[in-house]
Amino acid sequence: MTSKAAAGRAGRRRRRGRTSDVLGICGVVTVGLLLIMAVFAPWLAPYDPSERVGRPFQPPGREHLLGTNDVGQDLLSEMIYGSRVSLVVGIAAAAAALLIGTAVGVLAGYYPRRLGAFLMRGVDVVLILPFLPLLIVLAAYLGRSLLNTTLVIGALIWAGPARIIRSQVLSLRSREYVLAARSMGAPDRWTIFRHVVPRTALLATGSFVRAVAGAILLEASLSFLGLGDPIQKSWGSVLFWAQARGAFLTPAWKWWVLPPGLLIMAASLGFALIAFSLEERINPRL
Amino acid sequence: MTDVSVDHGKAVPLLEIEDLRVRFELPTEVVHAVGGISLEVAPSEIFALVGESGSGKSVSMLSVMGLLPSPPAAVSGSIRFEGREVSGMSGRELNRLRGREAAMVFQEPMSSLNPVHRIGRQIGESLRIHRGVTRSEARRRAVYLLDRVGIPAAASRVDDYPHEFSGGMRQRAMIAMALACDPKLLIADEPTTALDVTVQAQIIDLVRELQAEYRLAVVWITHDLGVVAEIADRVAVMYAGRILETGPASEIYGATRHPYTSGLLRSIPRLDRQVTSRLAEIPGAPLKVSQELRGCPFHQRCPLGQDDCGDALPELEAAGAPAHRSACVHRDQMGPSIELWPAGAAGEPRTYGDGRREVVVSVRRLEVHFPAVRGSARSRRRVVRAVDGVDLEIERGRTLGLVGESGCGKTTLGRALAALVRPVSGSIQITGRPIDYRSGRRRVVQMIFQDPFSAMNPGMRVGDIIGEPLRIHRLASKPRIQERVLDLLEQVGLPPGAHGRYPHEFSGGQRQRIAVARALAADPEVVVCDEPVSSLDVSVQAQVVNLLADLQAGNGMALLFIAHDLAVVRHISHEVAVMYLGEIVERAGRDRLYGSPLHPYTKALLEAVPAPSPAVGPDRNRIRLTGDLPSPADPPPGCRFHTRCPVAVEGLCSIRKPELEEVRPGHWVSCHLVSR
């Protein structure tokens with residue numbers, strides 16, 4: 001009986017697997033290229049992005065492939081170095097979100113009655129809050145630094161992962177092996193860390209990657225509004241300066257606005273695709 | 001219509017299967033589920049297909065109905081229904097066959113019924129499909145059928161949803177559905193396995209009755225030899241996708257000519273035999289066939305097995321009586337005088353120590369309630385009294401068997417002992433000390449679950465699983481844990497190599513051994529065994545029962561053995577308690593309780609157990625319990641059993657609640673009609 005069911009499942013997974021695998025590979029390649037760009041920025045960038053290396057407002061040419069900005073910094077180099085900031089903030093913020101989300105999700109799922117109800121109302125509040133205004137207020141209040149940006153984003157996007165993980169924990173806690181561990185006399189701490197948390201790891205991976213995609217977008221929005229770290233430029237802050245210097249209205253948008261926009265999209269889409277294909281693999285096993 | 005003459009049933013078989021083979025081609029492996037079987041079913045006979053899980057019994061019948069998914073199933077061979085070849089039929093012809101001429105009943109009635117459609121509509125469905133009758137006609141017929149299968153007040157229940165029916169009623173409804181178009185063949189796939197013994201007995205009676213009335217042929221698929229003896233005319237015993245023996249039921253039970261059948265018959269504990277100190281056991285685990293069989297599939301577990309048994313595949317050949325055939329080259333060596341499967345001597349189960357008695361577990365007026373969440377606001381405050389005032393004691397080195405139908409609270413009682421649920425009142429003391437729920441002095445009670453696989457974290461290695469209690473209670477240092485685990489593996493009869501492997505690599509019986517080892521690791525005073533053998537194959541159950549008894553004789557643990565199988569409980573227990581709706585209705589020493597039960601419920605339970613011997617089977621004049629267990633959220637007033645009791649006295653049993661009283665030394669009964 002079981003062998004039949006397994007065969008049916010396997011067949012279905014294979015069929016559905018193909019598209020999601022292709023998309024997943026696209027995502028991995030995109031993200032991989034961006035990561036290489038971030039890691040090897042000093043070697044790849046033709047100039048130091050903080051130095052004035054040419055005349056201001058130069059259009060693309062042989063010396064500056066994407067031209068220069070209003071103070072004569074090389075835009076291509078800014079873009080390459082900007083990937084470091086964008087990716088680091090995105091990944092760090094997602095990690096912070098996952099940490100909070102897992103803690104809340106596991107507690108709420110394992111103690112679903114009082115503590116769980118209380119925590120999930122908190123989750124609801126965070127989900128309901130209007131994102132961007134709050135983000136702006138918090139970022140403005142805390143000051144403009146890389147760490148603050150990361151923390152603010154992390155503090156706002158943990159609610160989604162918390163919900164996903166809670167639902168998994170709710171099902172895990174009623175599994176018989178958790179009951180068995182309790183029957184051995186294991187304290188809750190033991191069952192949570194030995195039997196529940198490790199089993200949420202797969203699911204957490206999926207929501208982590210998805211959270212990175214979201215965090216990169218949020219970081220870009222914050223920086224575009226001028227709330228990013230003024231010293232370390234990300235793709236979003238490149239856009240902020242382009243906007244401030246009127247590049248959106250001049251022909252300069254082609255080399256000043258479009259490239260960072262495409263990069264933001266590529267990074268966020270890359271992570272989203274990986275998340276999609278991961279979830280496709282993980283979810284059927286729930 | 002074909003001219004079917006019943007007297008010469010052999011001449012025109014209803015169902016004829018020849019050299020049926022089914023292979024599953026899975027991505028990871030190939031499973032030969034059925035390896036060339038041939039059989040015939042005559043009109044209006046009851047034919048039983050017996051085998052353990054994975055023996056191919058269900059798969060072969062699913063292929064008769066054309067219900068196997070293909071791929072991955074590859075079916076070959078010939079299946080003829082009234083002379084028409086089934087395997088070559090088009091989808092439309094198959095649909096006509098299914099439901100109209102051959103119908104099927106499955107094990108789990110709740111999952112076979114659509115939960116969002118009314119029962120009556122589901123029964124009428126096949127009539128509307130096959131007969132094209134009108135809606136009102138279908139409904140009328142559904143009421144008739146429900147009434148026929150014994151649903152009380154059928155006309156008012158016809159519009160119920162499946163969840164409003166009890167388990168036994170759902171199975172009756174499934175049978176009504178199967179009978180809707182007057183089929184000639186009914187295939188019943190483990191139809192009573194999910195039911196309680198008392199309900200099982202009702203269903204068996206019903207099928208036998210309907211079979212006679214409708215002149216149905218029935219193929220009854222089961223693993224339970226007791227049920228087969230009750231119902232079957234002819235039997236085929238399957239193992240590893242082959243039929244090992246086939247013949248009239250009386251022959252199979254009385255003069256089997258195959259060592260496997262005889263092993264099965266010897267290893268199941270029975271109520272009609274003396275208790276032996278050990279059950280006969282078949283060594284090893286059922287075979288999973290991943291390539292074409294070359295020799296006898298059973299030879300490695302067989303006491304008659306010789307080297308040449310593995311060289312040629314034995315075919316079914318005549319053995320003894322007419323129509324009795326066995327696929328064993330040594331079939332002529334078998335006879336009533338030869339005991340292939342030695343069991344221990346008759347008598348008391350072995351006991352631990354010097355016979356001094358020491359109470360280990362003492363439960364006083366224990367009550368466990370759960371909030372009943374269903375229903376309106378009015379009923380929200382109601383509670384389910386799962387355990388309602390239970391007293392019991394277990395002594396060192398002894399076993400208390402706890403029996404009762406599902407829903408009687410026996411599992412909750414066991415869980416309360418293991419501190420998994422908190423009682424609302426009453427006390428549990430283990431070696432004189434109460435359970436401390438907060439700090440958890442819980443090493444002293446360990447538990448063994450019904451399904452060993454789901455009770456183990458699938459991502460952990462066996463060594464870590466067994467060592468877990470040691471780590472939880474910090475009972476040993478790291479290197480000592482490893483040593484202790486190897487020691488435990490040896491105690492439960494597993495190779496030391498099991499240590500580094502994962503639970504999914506083991507068979508069901510081996511997994512239960514791992515669970516036993518884990519329960520023993522913390523050196524508990526009491527082990528609560530919740531249905532420890534009921535998910536295991538028949539041939540493996542005896543191994544686990546013997547293992548538990550052996551271990552107990554060695555270390556003196558007390559056992560609370562919870563089971564619905566009265567024969568198994570009788571085998572392992574020193575004392576037995578019978579539970580009904582949260583209360584213990586009778587408690588006595590084993591031989592007293594099985595020999596001279598006093599409570600009518602105990603009597604009815606014992607009567608309902610099918611005996612694996614056709615001679616005793618159908619002719620017994622027994623008490624049948626009617627109906628199902630009432631809801632524990634709303635127990636009947638007075639004696640809780642009076643609604644189903646055959647001897648209840650109106651005006652007494654329905655009003656006054658009987659107390660559990662000691663009517664003889666060591667024999668406690670709670671019934672007004674039992675005099676001291």
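None of the figures in this text is laboratory data; all of them are computed from the coordinates on show. Keep in mind that this is a model prediction, so the values were computed, not measured. A quick note on method: Cβ atoms are made from the backbone with ideal geometry, for glycine too, and the neighbour counts reach across all protein chains shown.
Data overview
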| read-out | value |
| --- | --- |
| Amide H partners (placed H, <5 Å) of B:Met447, local residues excluded | B:Val528 |
| Packing-based exposure ordering (other Cβ within 10 Å, fewest first) of B:Thr256, B:Thr246, A:Thr19 | A:Thr19, B:Thr246, B:Thr256 |
| Segment B:628-676: translational diffusion in µm²/s, Stokes-Einstein, Kirkwood Rh over Cα pairs, 25 °C, 0.890 mPa s | 213 |
| Debye equation applied to the C-alpha atoms of segment B:518-676, log10 I(q)/I(0) at 0.13, 0.14, 0.18 Å⁻¹ | -0.73, -0.84, -1.21 |
| Packing-based exposure ordering (other Cβ within 10 Å, fewest first) of B:Tyr260, B:Tyr502 | B:Tyr502, B:Tyr260 |
| Cα-centre dipole for chain B with unit charges at Cβ (Lys and Arg positive, Asp and Glu negative), debye to 20 | 2500 |
| Longest to shortest principal axis, alpha-carbon extents of segment A:29-123, angstrom | 66, 27, 18 |
| Equivalent ellipsoid, chain B (semi-axes from 5 times Cα gyration tensor eigenvalues, Å) | 41, 33, 24 |
| Helical contribution to [θ] at 222 nm, DSSP H n ≥ 4, -39,500 (n - 2.57), averaged over the protein assembly as shown, rounded to 500 | -13000 deg cm²/dmol |
| Nearest-20 debye value, the protein assembly as shown charge dipole, Cβ charges on Lys, Arg, Asp, Glu | 3080 |
| For segment A:93-203: relative contact order, % (alpha-carbon pairs under 8 angstrom, 6 or more apart) | 40 |
| Sparse-neighbourhood loop sites, trypsin sites (Lys or Arg not before Pro) in segment A:28-133 - DSSP loop, at most 15 other Cβ within 10 angstrom | A:Arg52, A:Arg62, A:Arg113 |
| Whole-number Å³ per residue for the convex hull built on Cα positions in segment B:231-292 | 109 |
| Overall Cα dimensions of segment A:170-286, principal axis frame, Å, largest first | 71, 29, 17 |
| Surface/4 estimate of mean projected area, convex hull on alpha-carbon atoms of segment A:106-162, nm² | 4.2 |
| Paired Rg and Dmax values of segment A:34-88, which use every Cα atom, in angstrom | 10.9, 31 |
| Per residue convex hull volume, Cα atoms of chain A, in Å³ | 157 |
| Debye, to nearest 20: dipole size of segment A:183-238, +1 on Lys, Arg Cβ, -1 on Asp, Glu Cβ | 240 |
| Compactness of the protein assembly as shown - radius of gyration and Dmax, Cα, Å | 34.4, 113 |
| Alpha carbon convex hull of segment B:104-159, volume per residue in cubic angstrom | 90 |
| Positive-pole candidate from A:Ala94, A:Thr205, A:Leu65, dipole of chain A, charges at beta carbon | A:Thr205 |
| DSSP bridge pairs, the protein assembly as shown: antiparallel proportion in percent, nearest 5 | 60 |
| Angle between chain A longest axis and helix A:2-39 axis [Cα atoms, degrees, rounded to 10] | 30 |
| Mean Cα-pair separation over length for chain B, i.e. relative contact order, pairs under 8 Å, 6 or more apart, % | 13 |
| For B:Cys296, B:Cys645, A:Cys26, order by how many other beta-carbon atoms lie within 10 Å, fewest first | A:Cys26, B:Cys645, B:Cys296 |
| Cα-derived Rg to Rh of segment B:1-148, Kirkwood definition | 1.00 |
| Rg(Cα) / (2.2 N^0.38 Å) computed for segment B:72-169, rounded to two decimals | 1.28 |
| Proximal lysine pairs, the protein assembly as shown, alpha carbons under 19 Å, eight or more residues apart or interchain | 5 |
| Descending principal axes extents, segment B:36-95, alpha-carbon based, whole Å | 30, 30, 19 |
| Stokes-Einstein D for segment B:114-233, Kirkwood Rh over Cα pairs, 20 °C, 1.002 mPa s (µm²/s) | 146 |
